[in-house]
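The values are calculated or read from the model by the stated rules, or taken from the named source; none is laboratory data. These numbers come from a predicted model, not from an experiment. Here Cβ is always computed from backbone atoms with ideal geometry, including for glycine, and neighbour counts include all displayed protein chains.
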Amino acid sequence: MSKKLRTISQIGFFILIGLIAVNHTLAESGQPIPLIGTASFHAICPFGGVEALFAFLRYDVMIPKIHESAFVILGIILFISILIGPVVCSYACPLGSIQEWVGKIGRKIFAKKYNHFIPYKYDRYLRYLRYVSLAFTVYLTTNSLKLVFLEVDPYYALFHFWSDEVTLGGLIVLAIVLLSSLFIERPWCKYACPFGAVVGLTNFLRIFKLKRNASTCIDCGLCDQSCPMNIKISDKVTVTNHQCIACNACTSDQSCPINDTVVLTAGKAKG
Amino acid sequence: MKLKTVYIGLIFTLLLFLGIGSADALGLWKTESSKVPVKIQQGDFAGAYDPGDIRGSFSLGDISETFDIPVEVLAKAFAISSEDPSNFLLKELESLYEGTAIEIGTGSVRQFVAYYTSLPYESDDGFPSTAVQVLKDEGLWTEQMASQLDGRIIDQVSSLSTSESVVTLDETVVKVDQDEATDEEHEASTSINGNTTVADAIALGLTLSIIEETLGVEVDNQQITIRDLCTNNSLAFSAMKDALNKRLP
């Protein structure tokens with residue numbers, strides 16, 4: 001049931017964000033769809049808030065195209081992430097969702113080999129690339145006072161491929177991400193997403209944490225196999241991995257066959 | 001305290017939209033730039049909205065609301081015969097008046113608003129004869145205005161027409177010599193305007209020290225616009241823009 005609800009949530013947010021993107025274009029031509037917001041994509045992008053924050057604090061200027069709403073939505077998402085983890089990645093982000101959906105094809109083709117192509121000894125270091133992506137983006141944006149990330153942003157390209165605002169770089173990165181999704185689950189999220197880097201840090205301090213009850217665990221490894229981010233759950237008591245996207249696939253509500261063994265809780269772990 | 005994962009999507013969606021709704025109620029949810037100009041900080045007109053901060057993204061409706069000038073008056077002044085002039089954006093003026101000897105654009109509207117409301121502002125832009133007529137009809141026209149606008153009144157614009165929602169210059173409008181127009185366009189792109197960054201101004205021939213000396217502020221980032229520097233330091237952009245333009249080589 002939890003899995004189905006997550007899929008419904010992903011489809012819902014994908015459609016909503018797609019409609020907002022289309023409606024902004026329609027609104028500019030004077031024919032918006034009623035009841036759907038006409039805000040620009042940048043106005044509702046939480047990463048826009050991250051990109052613009054330092055320039056706003058340092059120079060007291062708003063990066064062109066970014067508006068106050070981006071800071072608001074960033075604040076709300078950080079609040080939710082601190083409460084229940086970075087669920088924005090697993091329940092709402094359309095780029096994450098489309099990677100997952102493409103990944104289902106890859107899983108059928110490659111079966112158990114899927115999502116295990118990159119050896120752990122390299123993969124563990126590659127996971128830190130998204131912090132490089134974050135630092136580089138924020139640095140360049142703050143100094144140029146322009147949305148430099150737009151040039152390679154696959155998220156923007158996904159919802160503006162029809163418009164003249166889309167960049168070639170964005171389309172190329174999007175194509176690479178979707179193609180890679182056939183081999184790796186959520187490659188963008190794992191290795192490059194600068195916003196994932198920000199919200200991923202809330203895993204260290206979130207209130208409701210994923211906890212494993214070692215005393216009831218039967219070491220079947222289903223929790224490890226279910227994790228799209230390849231996090232090894234079975235050797236942990238509390239999951240604080242910075243890559244966790246809070247999809248909760250590992251929990252006893254979903255993959256774990258033993259009740260109350262992997263749970264989302266604000267209390268102390270048993271066992 | 002355990003949390004069933006079945007509720008996660010619901011909690012996320014509720015908190016997200018509740019947060020947005022609360023921010024909206026508090027006036028924090030702004031998805032577009034403010035359409036209200038800054039207020040004049042000093043002098044006799046302190047506290048009044050600054051016509052110099054009117055931007056190309058403002059509509060006639062925005063200006064009407066802020067400066068209490070009827071939309072019909074603004075539309076008549078700039079010969080805009082659109083079905084809904086309140087939604088007409090100032091940035092469309094330049095294409096509407098494309099080819100005139102002197103640019104008629106946002107600066108012209110700022111000037112009109114300043115004359116209409118007796119607020120300070122001086123522009124180098126052109127001024128349509130229709131706007132002069134409106135000021136005369138309202139009893140606001142003065143000799144000083146005539147002197148300031150000497151050589152900048154565009155009186156060839158006799159009529160404008162609309163084709164559905166697109167507003168275009170009528171065929172009867174007298175076009176100026178093409179070379180002259182090209183020179184004007186070139187001139188417009190080689191002076192300080194609302195989008196000019198410090199780096200752009202340096203590329204135009206000013207030095208960083210001249211800019212800092214004129215504005216009286218230290219520039220930390222050359223990508224910042226002159227307008228933002230002025231706004232952040234409570235300076236009148238129109239005055240600073242003119243001062244910098246005078247120092248251009």
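Summed over the range A:214-250, residues that are within 14 Å of chain B (Cβ to nearest Cβ) and touching a residue at least 60 places away in the same chain (Cβ under 8 Å) total 6.
Please find, among A:LEU26, A:LEU83, the residue that is closer than 22 Å to A:ASN203 by Cβ and part of a helix (DSSP H, G or I). That would be A:LEU83, the only listed residue that is closer than 22 Å to A:ASN203 by Cβ and part of a helix (DSSP H, G or I). Across the range B:101-120, a minimum of one residue is classified as touching a residue at least 60 places away in the same chain (Cβ under 8 Å) and hydroxyl-bearing (Ser, Thr, Tyr). Checking the structure you have, find out if any residue of the range B:6-23 is over 26 Å from B:ALA75 (Cβ atoms) and part of a loop (DSSP other than H, G, I, E, B). Taking every residue of the range B:6-23 in turn, none turns out to be over 26 Å from B:ALA75 (Cβ atoms) and part of a loop (DSSP other than H, G, I, E, B). If only residues of the range B:139-163 that are of a type in the set (Gly, Ala, Ser) and part of a loop (DSSP other than H, G, I, E, B) are counted, the one that is modelled with the highest pLDDT is B:GLY139.
The requirement of being aromatic (Phe, Trp, Tyr) and within 14 Å of chain A (Cβ to nearest Cβ) is satisfied by B:PHE17. Taking each residue of the range B:229-249 that is more than 13 Å from B:THR196 (Cα to Cα) and not assigned by TED's automatic domain parsing to the domain that holds B:LYS39 and looking for partners that are aromatic (Phe, Trp, Tyr) and in a helix (DSSP H, G or I) with beta-carbon atoms closer than 8 Å, six or more apart or interchain, yields B:THR231/B:PHE237; B:ASN232/A:TYR59. Scoring B:ALA79 on the criteria (1) in contact with a Pro (Cβ under 9 Å, 6 or more places away or on another chain); (2) not assigned by TED's automatic domain parsing to the domain that holds B:VAL113 leaves a single failure, condition (2). State whether the residues of the range A:98-119 include one that is modelled with pLDDT of 95 or more, of a type in the set (Phe, Trp, Tyr) and either within 26 Å of A:ASN203 (Cβ to Cβ) or not in a helix (DSSP H, G or I) (or both). Checked the range A:98-119: at least one residue is modelled with pLDDT of 95 or more, of a type in the set (Phe, Trp, Tyr) and either within 26 Å of A:ASN203 (Cβ to Cβ) or not in a helix (DSSP H, G or I) (or both). Restricting A:PHE208, A:PHE183 to residues that are touching a residue at least 40 places away in the same chain (Cβ under 8 Å) and within 12 Å of another protein chain (Cβ to nearest Cβ) narrows the list to A:PHE208. Whether a residue is assigned to a helix (DSSP H, G or I), modelled with pLDDT of 95 or more and over 30 Å from B:LEU10 (Cα atoms) was assessed, and A:VAL132 passes this test. Within the range A:209-254, the set of residues being in a helix (DSSP H, G or I) and of a type in the set (S, T, N, Q) comprises A:GLN225, A:SER226. Which residues, taken from the range B:18-49, are surrounded by 15 or more Cβ atoms within 10 Å (Cβ to Cβ) and either in contact (Cβ under 8 Å) with a residue 40 or more places away in the chain or aromatic (Phe, Trp, Tyr) (or both)? Result: B:TRP29, B:VAL38, B:ILE40, B:PHE45, B:ALA48, B:TYR49.
Annotation: of all residues in the range A:255-268 being facing another protein chain (nearest Cβ under 7 Å) and part of a loop (DSSP other than H, G, I, E, B), the one that is nearest to A:TYR91 (Cα to Cα) is A:ALA266.
For the range A:197-255, a residue qualifies if it is surrounded by fewer than 19 Cβ atoms within 10 Å (Cβ to Cβ) and on the phi > 0 side of the Ramachandran plot, and the qualifying residues are A:ASP219, A:GLY221. In the range B:50-62, the condition of being in a loop (DSSP other than H, G, I, E, B), surrounded by 14 or more Cβ atoms within 10 Å (Cβ to Cβ), β-branched (Val, Ile, Thr) and touching a Pro at 6+ places or on another chain (Cβ under 6 Å) is met by at least one residue.
Any residue in the range B:28-51 that is farther than 28 Å from B:THR196 by Cβ and at the interface with chain A (Cβ under 9 Å from one of its Cβ atoms)? Yes, the range B:28-51 contains a residue that is farther than 28 Å from B:THR196 by Cβ and at the interface with chain A (Cβ under 9 Å from one of its Cβ atoms). If I filter the range A:67-83 for residues that are within 14 Å of chain B (Cβ to nearest Cβ), within 20 Å of the chain's Cα centre (by Cα) and over 21 Å from A:ILE17 (Cβ atoms), do I get at least one hit? Yes, the range A:67-83 contains at least one residue that is within 14 Å of chain B (Cβ to nearest Cβ), within 20 Å of the chain's Cα centre (by Cα) and over 21 Å from A:ILE17 (Cβ atoms). Summed over the range B:192-225, residues that are without any contact (Cβ under 8 Å) to a residue 24 or more places away in the chain and not acidic (Asp, Glu) total 9. Being out of contact with any strand residue (DSSP E or B) (no Cβ under 6 Å at 6 or more places or on another chain) and surrounded by fewer than 21 Cβ atoms within 10 Å (Cβ to Cβ) is true of A:GLY169.
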